[in-house]
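Okay, so here's the structure we're looking at.
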Amino acid sequence: MSVDIETTTERIEQLLSRMTWEEKLAQLGSHWNDRRTGGEIIAPMQDVMGAGRPEFTAAARHGMGHLTRRFGTTPVQPRDGMAVAREDQLFLRDSTRLGIPAILHEECLTGLTTLGATVYPTPLAWAATFDRDLVRETAAAIGADMRALGVHQGLAPVLDVTTDYRWGRVEETLGEDPFVVATLGTAFVQGLQSAGVIATLKHFAGHASSRGGRNHAPVAMGERDLRDLVLPPFEMAVRIGGAGSVMNSYTETDRVPAAADRRLLTDILRGEWGFEGTVVSDYWAVAFLKAKHRVAATVADAGRLALHAGMDVELPDTAAFAALAVDDPDPERTAAEVDEAVRRVLRQKLALGLLDDGWEPPEPADVDLDSERNRGIARRLAERSVVLLDNPRDLLPLDVPPARIAVVGPGADDPRVLMGAYSYPIHVLPRHPELGLGIDAESIADAVRRRFDDAEVSVVPGVPLVEPPADGEIERAVDAAAAADVAIAVVGDRAGMFGKGTSGEGSDAPGLDLPGHQGRLADAVLATGTPVILLVVSGRPYALGRYVGRAAAIVQAFFPGVEGPAAIAGILAGDTAPSGHLPVQIPRHADALPHTYLAPPLGQDGDRISSLSIAAAFPFGHGLSYTSFEVGTPEPAASDLPTDGRTSVAVTVRNTGGRRGATVVQLYASDPVAQVTRPVVQLLGYARVELDPGAAARVHFDVHADRFSFVGLEGRRVVEPGDILLSSGRSVGDRSAEVLLRLAGPTRRVEHAVLDTPTRVEGVDA
């Protein structure tokens, strides 16, 4: 291994020594073939930032570090996109002095963001599966498609921990628990990179903790919340997952923009965690240091601030880094930091094979981006993500198919409600209406018709997504529901960018009532007396307390992707038992914030603390099935655990119902007395278990004392002696009696926040 490192270092130093200043800077930037400088744009200031963008051959005369979204911008078929990328790469190889190809990056959060690619469920849906292996398999399939096209880097996963459900990008997150975000996010990293594609962690750090749930708003957060809530997923994905790249957050914490925060990008990321990959800017984040944060007087100053903080590559175009030498007060420091950033970029290119003798970009080919393999994975992911919230009358499953079904709501017959904002049909294709969705996708109504093919199915939207209904629209939906044996009310979101939807980047919510007049529709349909399945298809949790006990069943699906309708219809029919569990809570009331479960005692409901209750309608981890499960109390291997030791905790789960099903066994910990306030209860480990009727399994959680660490009074991470209370169950609100585990020994300083809780599941004789 040492020989390889020495050889790599020698090759990089030789190449670096040959580079001119302009050639070095070229490696730290990118080029986007997006020619729009006016008219309809995706993001605010995109037209300003893109103005004057040169053609590729002019921009790349000294080389280029990255190529931005050659497949994800203008709609292209795989063969055509490969031809464009190949032409650019051959220009770099054959027409620049050093002949260094570029790293081609694309978005890939719900599958590769390009025309005709499979749209997988959104990350909030992955989290609802609590299934690391399936998330890893999904990412590997996405990576394989990307690699076949010649794509080297994916801008995923999002490791932001949800703290405010109003934030538009909740759909992109893995929920509100940092351990779930860390473990599933790391699984995605491992899957993507197993296919030879660099994973990019975003948004580092605190993006989801912006004030008021507002996009790009400042973050008001202390050191403990940053260290105990926000950073652990990134640390696990770096230290355990080996992530190759990190992207900064647009936000600012304690008035320091992340793109200029050396403490984040260098001291913590590299100094504490040993990260050796590249830090890439979120699009225009470097220029935003001048244009939005106003911490730089010029674009050149902005570039130097970012470079000094630890930024390596400016995306999506090269602007600020190209001007680094302009009026530089410390050119020696800048030159040294440029060299170090170039080394990191070259190291990745070498690892990707881009510097190999005889390297060739792939020949254009007809690559199937919506294969049967992809669809099968997307279907399993969707099925395991659907959460049965409530089924008080045992209406579900519909074992005896109804003769008449009414499907109402704005999402009833609209396939767009299935897809997240970073899917190609939502992200790009609204600007190309002639292409439709660019992929075969049925609506929920289509899937219901197909699955219940003997039933009479009527479909009436009732209300638009947010606009007021026309005269008689709600009445027509009510009439359809009243005439049916079962009504399915499809409510929730349709994703869109910057206010063009009710979920997605820049589509933040003022509150957590169902958008627009959907609540009116739901109330009217529930008043008919027909059994109503309230099907919420959304990118965030909405307040559903008013429907509990009124709806015959409540089902939650977080943007389940193109296979979502078939998965949902199969679950309603009983072909598949629901097994999803909530990675976020479902609020009871829309306006009593916050709603997340990870709060200290004063952040919880208490005896006469406030006139506002923040109790959840359905708690974190909740999810019902068509069978029943019994989860036993935790059984630690010993009653004492050294503050530097580890132990095994066993939990027995049994299927006590009449059909096969899966549940998520959850292990929780409570620290009743600590030197700083701690969450009342916090997830320690989880395991998805599938059992036949009457069968049982024993889940063994391998728990290290470091899992009980926190940032103490002196600002250092510690494990301190004392009592820990363990409990287990199927949600944070449905837990066993607590079992005492005593941490014994001295208070111990801990270097790292992240340590996994491996699980092992073994069968138990009935």
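Please state which of the following conditions Pro746 fails to meet, knowing it meets all the rest: (1) under 27 Å from the mean Cα position of the chain (by Cα); (2) not in a strand (DSSP E or B).
Condition (1) is where Pro746 drops out.
Give just the number: which of (1) of a type in the set (Gly, Ala, Ser); (2) touching a Gly at 6+ places or on another chain (Cβ under 7 Å); (3) not in a helix (DSSP H, G or I) does Gly242 not satisfy?
Status for Gly242: all satisfied but (2).
Quick one: would you say Thr163 is under 15 Å from Ala243 (Cα atoms), hydroxyl-bearing (Ser, Thr, Tyr) and over 10 Å from the mean Cα position of the chain (by Cα)?
no
Please verify whether region 371-389 includes one or more residues that are touching a Gly at 6+ places or on another chain (Cβ under 6 Å) and in a strand (DSSP E or B).
Looking for residues that are touching a Gly at 6+ places or on another chain (Cβ under 6 Å) and in a strand (DSSP E or B), one finds at least one in region 371-389, hence yes.
I'm trying to understand the selection: among the residues of region 442-487, which are hydrophobic (A, V, I, L, M, F, W, C), part of a loop (DSSP other than H, G, I, E, B) and in contact with a Gly (Cβ under 9 Å, 6 or more places away or on another chain)? First the steps, then the outcome.
Just the residues of region 442-487 that are hydrophobic (A, V, I, L, M, F, W, C), to begin with: 444-445, 447-448, 452, 455, 457, 459-460, 463, 465-466, 470, 474, 477-478, 480-484, 486-487.
Narrowing the set further to residues that are part of a loop (DSSP other than H, G, I, E, B) leaves 452, 455, 463, 465-466, 470, 483-484.
Scanning region 442-487 gives Val463, Leu465, Val466.
If Arg53 satisfies all but one of (1) modelled with pLDDT of 95 or more; (2) under 24 Å from Met497 (Cβ atoms); (3) touching an Asp or Glu at 6+ places or on another chain (Cβ under 8 Å), what's the number of the condition it fails?
The number of the failed condition is (1).
Mind checking which residues of region 166-190 are more than 13 Å from the chain's Cα centre (by Cα) and under 15 Å from Leu109 (Cα atoms)?
Gln190
Within region 373-390, is even one residue among the polar types (S, T, N, Q) and buried (at least 23 other Cβ atoms within 10 Å of the Cβ)?
Among the residues of region 373-390, at least one is among the polar types (S, T, N, Q) and buried (at least 23 other Cβ atoms within 10 Å of the Cβ), which makes the answer yes.
For region 671-710, give me each residue that is farther than 15 Å from Leu743 by Cα and either in contact with a Cys (Cβ under 9 Å, 6 or more places away or on another chain) or among the hydroxyl-bearing types (Ser, Thr, Tyr) (or both).
Selection gives Thr677, Tyr686.
Evaluate the following for Pro461: is it in the same structural domain as Asp523 (by TED's automatic domain parsing), buried (at least 19 other Cβ atoms within 10 Å of the Cβ), at pLDDT 95 or above and not basic (Lys, Arg)?
yes
Return yes or no: is Val631 in contact (Cβ under 8 Å) with a residue 40 or more places away in the chain, out of contact with any Lys or Arg (no Cβ under 8 Å at 6 or more places or on another chain) and of a type in the set (A, V, I, L, M)?
Criteria not met by Val631.
Could you tell me whether Leu535 is touching a strand residue (DSSP E or B) at 6+ places or on another chain (Cβ under 8 Å), touching a residue at least 60 places away in the same chain (Cβ under 8 Å) and not in a loop (DSSP other than H, G, I, E, B)?
Spelling it out, Leu535 is indeed touching a strand residue (DSSP E or B) at 6+ places or on another chain (Cβ under 8 Å), touching a residue at least 60 places away in the same chain (Cβ under 8 Å) and not in a loop (DSSP other than H, G, I, E, B).
If you check Ala551, Ala569, Ala577, Ala590, which single one turns out to be farther than 22 Å from Arg166 by Cα, touching a Phe, Trp or Tyr at 6+ places or on another chain (Cβ under 8 Å) and part of a loop (DSSP other than H, G, I, E, B)?
Ala577
Among the residues of region 415-436, write down those that are over 17 Å from Ala378 (Cβ atoms), in contact (Cβ under 8 Å) with a residue 24 or more places away in the chain and out of contact with any Pro (no Cβ under 8 Å at 6 or more places or on another chain).
Of all residues in region 415-436, those over 17 Å from Ala378 (Cβ atoms) come to 421, 427-436.
In the following step, the residues that additionally are in contact (Cβ under 8 Å) with a residue 24 or more places away in the chain were identified as 421, 427-432, 435.
Listed by number, the residues that qualify are Ala421, His427, Pro430, Arg431.
Take Ile439 and decide whether it is in contact (Cβ under 8 Å) with a residue 12 or more places away in the chain and assigned to a loop (DSSP other than H, G, I, E, B).
For Ile439, the condition - in contact (Cβ under 8 Å) with a residue 12 or more places away in the chain and assigned to a loop (DSSP other than H, G, I, E, B) - is met.
Yes or no, residue by residue, for (1) assigned to a strand (DSSP E or B); (2) assigned by TED's automatic domain parsing to the domain that holds Ala291; (3) at pLDDT below 95; (4) closer than 19 Å to Val189 by Cβ:
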{"site": "His203", "(1), (2), (3), (4)": "yes, yes, no, yes"}
{"site": "Glu235", "(1), (2), (3), (4)": "no, yes, no, yes"}
{"site": "Val238", "(1), (2), (3), (4)": "no, yes, no, yes"}
{"site": "Gly271", "(1), (2), (3), (4)": "no, yes, no, no"}
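Just give me the residues in region 312-337 being under 38 Å from the mean Cα position of the chain (by Cα) and either part of a loop (DSSP other than H, G, I, E, B) or crowded, with 23+ Cβ neighbours inside 10 Å (or both), in sequence order.
Answer for region 312-337, where residues must be under 38 Å from the mean Cα position of the chain (by Cα) and either part of a loop (DSSP other than H, G, I, E, B) or crowded, with 23+ Cβ neighbours inside 10 Å (or both): Asp312, Val313, Glu314, Leu315, Pro316, Asp317, Thr318, Ala319, Ala320, Phe321, Leu324, Ala325.
I need every pair where a residue in region 334-350 that is farther than 10 Å from Gln27 by Cβ has its Cβ under 8 Å from the Cβ of a residue that is β-branched (Val, Ile, Thr) and in a helix (DSSP H, G or I), sequence separation at least 6 or different chains.
So the pair list comes out as Arg347/Thr8; Arg347/Ile12; Leu350/Thr8; Leu350/Ile12.
Can you find a residue that is within 25 Å of Val387 (Cα to Cα) and in a loop (DSSP other than H, G, I, E, B) anywhere in region 106-117?
Among the residues of region 106-117, at least one is within 25 Å of Val387 (Cα to Cα) and in a loop (DSSP other than H, G, I, E, B), which makes the answer yes.
All but one of (1) surrounded by fewer than 19 Cβ atoms within 10 Å (Cβ to Cβ); (2) at pLDDT 95 or above; (3) of a type in the set (Gly, Ala, Ser) hold for Ala617, so report the exception by its number.
(1)
Under 25 Å from Asn215 (Cα atoms), surrounded by fewer than 21 Cβ atoms within 10 Å (Cβ to Cβ), modelled with pLDDT of 95 or more and over 22 Å from the mean Cα position of the chain (by Cα) - does that describe any residue in region 467-488?
yes
Would you pick out the residues in region 1-37 that are among the aliphatic types (A, V, I, L, M) and at pLDDT 95 or above?
Correct list: Ile12, Leu15, Leu16, Met19, Leu25, Ala26, Leu28.
Give me the pairs, please: first residue somewhere in region 658-686 and not assigned by TED's automatic domain parsing to the domain that holds Gly733 and crowded, with 22+ Cβ neighbours inside 10 Å, second residue anywhere and at pLDDT 95 or above and not polar (S, T, N, Q), beta-carbon distance under 9 Å, and either six or more positions apart or on two chains.
none
Among the numbered conditions (1) of a type outside the set (Phe, Trp, Tyr); (2) modelled with pLDDT of 95 or more; (3) part of a strand (DSSP E or B); (4) over 25 Å from Leu582 (Cα atoms), tell me where Gly763 comes up short.
So Gly763 meets the others, but not (2).
Run Leu641 past the list (1) assigned by TED's automatic domain parsing to the domain that holds Arg749; (2) within 26 Å of Asp131 (Cβ to Cβ); (3) buried (at least 21 other Cβ atoms within 10 Å of the Cβ) and report the number of the one that doesn't hold.
(2)
So which residues in region 93-117 are out of contact with any strand residue (DSSP E or B) (no Cβ under 9 Å at 6 or more places or on another chain), under 16 Å from Ser30 (Cα atoms) and of a type in the set (A, V, I, L, M)?
Selection gives Ile100 alone.
The values are calculated or read from the model by the stated rules, or taken from the named source; none is laboratory data. It should be emphasised that the depicted structure is a prediction, and the values quoted were computed from it without experimental measurement. Please note: Cβ atoms are built from the backbone with ideal geometry, for glycine as well, and neighbour counts cover all protein chains shown.
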